[in-house]
Structure formats: C-alpha cells, structure tokens
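Peer 1: Next up is a structure, given as structure tokens.
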Amino acid sequence: MVTIGERLVLLRQLMQRHKIDFYLIPATDAHNNEYLPECWQRRTWVSGFTGSAGEALVSHHNAYLWTDGRYTLQAERELDSKWYTLMQQSLFTSETDEWLLANLAGKTLGVDPRVIGIARAAKLEKIMDDVGGHLLIIDENLIDECKLQLSEIIKLPVSKAFIQEEKYSGESVNSKLTWLRAVLSRYNTNYIALNVLDEIAWLFNLRGADIAYNPLLICYAIIGVDDACIYVDKTKLPPLVTNILIENEIRLEDYENFGNALANLKGCIWLDDRMSSFWMHQKINSASEIRLERSPIVLKKAQKNEVEIEGAKKAHIKDAVAVINFFHWLSNNWANGVDELTNVEKIEAFRKEQEKFIGSSFATISGFAANSAVIHYHAMPETNRVVDNSNIYLLDSGGQYREGTTDITRTVHLGTPTAEQKHHYTLVLKGHLALGRAKFSAGTCGEHLDALARTPLWNECLNYRHGTGHGVGSFLCVHEGPQSISQPGTGVALAPGMIVSNEPGLYLKNKYGIRIENLCVVTEVKSEDGRPFEFGPFYQFETLTLVPYCRALIDTSMLSEEEITQIKDYYKLIKIKTRHLLDESVRKWLDNELHIF
C-alpha cells in the first residue's frame, strides 16, 4: 500500500519537472460530478480525505486542504497532520483564493484545465497576475501521471445505458430539443456544448450507472440549431437505446472525439461559465464567438413537469413505507446489538422491497452519539458504533426510483432523551416547521427564506454549518441546482415545480447531532375565489416526505398551536398515504408514533 507521503513525493517530482511551485487538485472532474468514478478521485488519492467538497494544494514542502464546515470534523479524522494542514473554508468567501493572494507572490501555480471551470480559471489567472506569478495550464493530470508510475489502472466505468421513458420524464426528446434550439436561435447562438452529465441525461431522456448513486452516463454532447451529437463510449449503448437516439436524429461519436469536435465548431458557441471546463473553452477555435452564460437546461430541468411531480409523489410513498418499516424494525431490534453499518444495509434492504427501486441516491449517513455530530459522517469498520438507547441516532438516506429521487433525514432516540436533547431537537423541529409552512411572493429566492429555519436556533445563539435546502432531480442527482435555501446568495427565484429539501440541524461536537429533513415541491397558492392576488403570484411548499418525527424527542410545551396543527395535518396525510401499505405490527407502531397530542 503506497502511503500519502509516498504519493506526495511522486507528485513533487512531477511538479519539479514541470517547473511549478504549487499544484491545485480540486475535488471534481471534467463533468463537475459530485460523486466521482474511482479513477477520477484524485484529491482523495493524494490526501486521504473523502468528503465531496474541498480542494488540495501541494507545494514542494507543504500540503493544504480546504473544506467547509460540513466536512471539518470528517477532515480532522481523515487527514494525517504529518502531511496536510487543514484550512477552514466558509460558505460565504473563498479563503483558498485569499491564501493564494497572500502566499503565491512570484510563484507558478499548475492546474489541469479539465477540472476547473471557466470562471474559476479566470479568477486564478487574475490572482496570479496580481501577485506577479503565473498560472500554468498542464494538459496531463499530474495525479494520473503518478498513478501510471505506480502501475495503477485508470479505467472509466462501463455501464449499460437505458431510456427514461416518457411516462416517467413527461416530455419527449424531440420536444426538449425543439425547445433548446428555439433558445439558441433567440440568442443568435449556433451551438451549445454540454459536459454536465445530468443535463445530458435530462435532455436525451438517457440514464446509466457510471456514477455512484446517480443514474448517469459519462459522455459529452453538442447541440446545434440543425443537429445533435452525443460523445460516448458506444459499447455502453444497447441496440434499443442506439435505435431510439438515431430515430431522434442524434448522432453518436466516440467520447475521445469531443475535443476535436469543439475545435471544428464555427459560429457562436454557448458554454456555461460555471460548469463548463476551462479545457472546453481552450478547445474552441479562436475565430468563433463564445457565449458565457448559465446553461438554459439548468432552470428548465429544475422546474418539474406534472408527470415528474406525480412521479416524485409516488416515489415518496414507497420510500416512506421503507423508512417506516426500518424504524419499526430498529425499535424492536436495537437491543440485539445492531450497529451503524448494519443499519446502512437494513435501510437499503427495505427500499429494495419497493417496486422500481434502482439504488440509493447517496451514501447513507448512519451516525450514533458523537458520530451523528459529523455532518456528512460515513460509517466505516474503524468508526462503527453499536446503536442503543443511550443517545441520539441520525439516519440520512435516500432512494433512486424510476419515478423520482428521495432524500430524508430522521433523528431518533430509542430510550429516554435528556431534557437538553429534547430542547435542541424541538428547536430544530420548529425551524423545519416554519420553513415548511412559509408562503412567499414570486421572485423570492432561497436565501430570503433561510432565516425562517434558523431563527429558533439563533434565538439561543446556536446555528448549523450547512445550507437549509438543496434542489433534487427527477431520477437524477439528489443535489441539483440552481435553486437552494442557504445563507449565501443564489439570485435564483424559487418557482413552481422545483423540488427542494428542508433540513435544518444542530451538531454538538463529541456529543450528538440532530437533523430533520423533508423534501418539498414548490406550488402556487390559489385564492379561495380563484382570482389572482393583487400583488402577483404567491408560492408555498407541498411536503413530499411522509415519515413521522421522533415522538420521544419532541417537547410539546415548546410548540405553538399553529405548529401543533401543522404536525397534526401532516400526520393525517402520512396515515392516508402509507398506513394501508404496512403490515399490522408496523401499523400499530406507526399509530403510536403519530399519537403525540
């Protein structure tokens, strides 16, 4: 086993050969994936840190890793301080860039253009210019070069593609292409080049299994006003998929041909400055015009159509049955010595019983006691703890169903919680309820609503270091933009059809963590008389998740009448939607959990 120290030695030798002082290793890949294929997990390979957010910077004598508050405790556990210095990154500012400004005067910074976006590359170039340094774009990735020296196999995953039928997607490929071409024509643009996999999957109603937890296929695409082409390993395409794509007049080319195709485009080419790689920007012929703007697919994909919304509701009913069955099982079996890893397997087993379940939508977070305070905790044999009735247990999990994607967090106590635990849980619940019942005018962004969920905690000088809500795809990525509910500004207005999470939390280091998460869909508020409101449309959240909160942890004396009514209405919906799908013993357990007031 090659150690982190030995890997850094190899990297520094390559840095010396390229005459660079620092090498930047972001967490992402050429497609901006959240979950990376093993062959592209370069930052993890060189640092040992497995969190999905954060980047490493290596010099000839030191190595640094920046990550935000969601992953700080995890990074402290995973990084070897002998080799790496952990640097704090906030959700509001870029401490990495500030550090570069302060420390890279006259230096050369190297980076692979495939793993940084166009906007980030421009910012890095400005930083290096400001400090009298130089940004060196290195086409070969130095981490990959290190792996080759160690004879490590670098091979992309090969999964079979399949079609997301119109009965699930709600819109044909031809209809989506017609819409996209109309957008291109409106902006006098000849082509749009795509590297983000969920955009390509949505546009072509195409799914795969190349990326863990996300039903995606590694590929590129170029869509013009008159043609469309997918660049992909064609061995992944069964004849049925190939025929359907060809019937829709979509050309198929090898994955490796994408760069040359970009170079041969003429006219105006649309690139997403946030998500397209700097490598794509470099490849485009200098005689062509480049339109740098967010891809129009991003917002269109986020606003689910009626078929996708109905699919999400069906998926959440099935998911609720699985999660309720799990907590019924846990309440009856914890005394037998079940542990965090057992629970990860068990919740997936219950989901597998549901029709059209494809797999988990992310790596399940199963944390007991102090482990639950690690926001994105990942149970491993060396950290695995037995779950008993002495402390809090947090389970954050989700499923991919053909009809939709789910994500739910429930925090429970299997015994008698302390007064402090009940108090903290109820504070989080109050924020969760406040956001869930919000009504807001058209044009409201997620950052305008974030404080609703935090206020009960803020009143006691408490907080949490993550966003309150993220977008969710339709049998796509569990984390989807452009919308979010968080303190940093997005400038993206919440609109009908968007699915978002509602997940405030509280994490006390070495004690316990609490998070309560439901998924909701944005819907329009209808007036009683059917007439439009004087001040324009108003929106609200319709809750999709159908699992009760933890009865033992709720301090009912802290709840208002409005909050009590809100919970009662929610529990009525849970009964109507799920009770008839449960076995008799589970129904009895559920009835007891629902009987709070």
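The values are calculated or read from the model by the stated rules, or taken from the named source; none is laboratory data. Please read all numbers here as calculations on a predicted model, not as lab measurements. So basically every Cβ, Gly included, is an ideal-geometry build from the backbone, and we count neighbours across all protein chains shown. Surface accessibility is based on the protein's heavy atoms, side chains included, excluding ligands, DNA and RNA. Shrake-Rupley method; radii C 1.70, N 1.55, O 1.52, S 1.80 Å.
Peer 1: Would it be correct to say that residue 6 is out of contact with any Leu (no Cβ under 8 Å at 6 or more places or on another chain), touching a residue at least 12 places away in the same chain (Cβ under 8 Å), open to solvent by 40 Å² or more (accessible area, probe 1.4 Å) and over 23 Å from residue 104 (Cα atoms)?
Peer 2: No.
Peer 1: Please work out which residue is modelled with the highest pLDDT, limiting yourself to the stretch 44-77 and to residues that are open to solvent by 10 Å² or more (accessible area, probe 1.4 Å), touching a helix residue (DSSP H, G or I) at 6+ places or on another chain (Cβ under 8 Å) and part of a helix (DSSP H, G or I).
Peer 2: So the residue we want is 45.
Peer 1: Might you let me know whether the stretch 255-268 holds any residue that is under 30 Å from residue 543 (Cβ atoms), in a helix (DSSP H, G or I), small (Gly, Ala, Ser) and open to solvent by less than 30 Å² (accessible area, probe 1.4 Å)?
Peer 2: Looking through the stretch 255-268, none of the residues is under 30 Å from residue 543 (Cβ atoms), in a helix (DSSP H, G or I), small (Gly, Ala, Ser) and open to solvent by less than 30 Å² (accessible area, probe 1.4 Å).
Peer 1: Which residues, taken from the stretch 379-395, are surrounded by fewer than 24 Cβ atoms within 10 Å (Cβ to Cβ) and touching a strand residue (DSSP E or B) at 6+ places or on another chain (Cβ under 7 Å)?
Peer 2: 379, 384, 385, 386, 391, listed by residue number.
Peer 1: Which of the residues spanning the stretch 531-545 are part of a loop (DSSP other than H, G, I, E, B) and either over 25 Å from residue 313 (Cα atoms) or under 28 Å from the mean Cα position of the chain (by Cα) (or both)?
Peer 2: 531, 532, 533, 534, 535, 536, 544, 545
Peer 1: Take the residues in the stretch 459-483 that are among the charged types (D, E, K, R) and assigned to a loop (DSSP other than H, G, I, E, B), then tell me which one is nearest to residue 206 (Cα to Cα).
Peer 2: 465
Peer 1: Test of understanding: among 478, 521, 525, which residue is out of contact with any Asp or Glu (no Cβ under 6 Å at 6 or more places or on another chain), among the hydrophobic types (A, V, I, L, M, F, W, C) and open to solvent by less than 30 Å² (accessible area, probe 1.4 Å)?
Peer 2: Step by step, each of 478, 521, 525 is checked, and only 525 is out of contact with any Asp or Glu (no Cβ under 6 Å at 6 or more places or on another chain), among the hydrophobic types (A, V, I, L, M, F, W, C) and open to solvent by less than 30 Å² (accessible area, probe 1.4 Å).
Peer 1: Just give me the residues in the stretch 316-365 being part of a helix (DSSP H, G or I), open to solvent by less than 20 Å² (accessible area, probe 1.4 Å) and out of contact with any Ser or Thr (no Cβ under 8 Å at 6 or more places or on another chain), in sequence order.
Peer 2: Once the filter is applied, which keeps residues that are part of a helix (DSSP H, G or I), open to solvent by less than 20 Å² (accessible area, probe 1.4 Å) and out of contact with any Ser or Thr (no Cβ under 8 Å at 6 or more places or on another chain), the stretch 316-365 yields 322, 326, 327, 330.
Peer 1: Condition first: assigned to a helix (DSSP H, G or I) and not basic (Lys, Arg). Now tell me which residues in the stretch 582-597 satisfy that.
Peer 2: 584, 585, 586, 589, 590, 591, 592, 593, 594
Peer 1: Out of all the residues in the stretch 279-307, which are over 22 Å from the mean Cα position of the chain (by Cα) and either in a helix (DSSP H, G or I) or surrounded by fewer than 16 Cβ atoms within 10 Å (Cβ to Cβ) (or both)?
Peer 2: 279, 280, 281, 282, 283, 285, 286, 287, 289, 292, 306, 307
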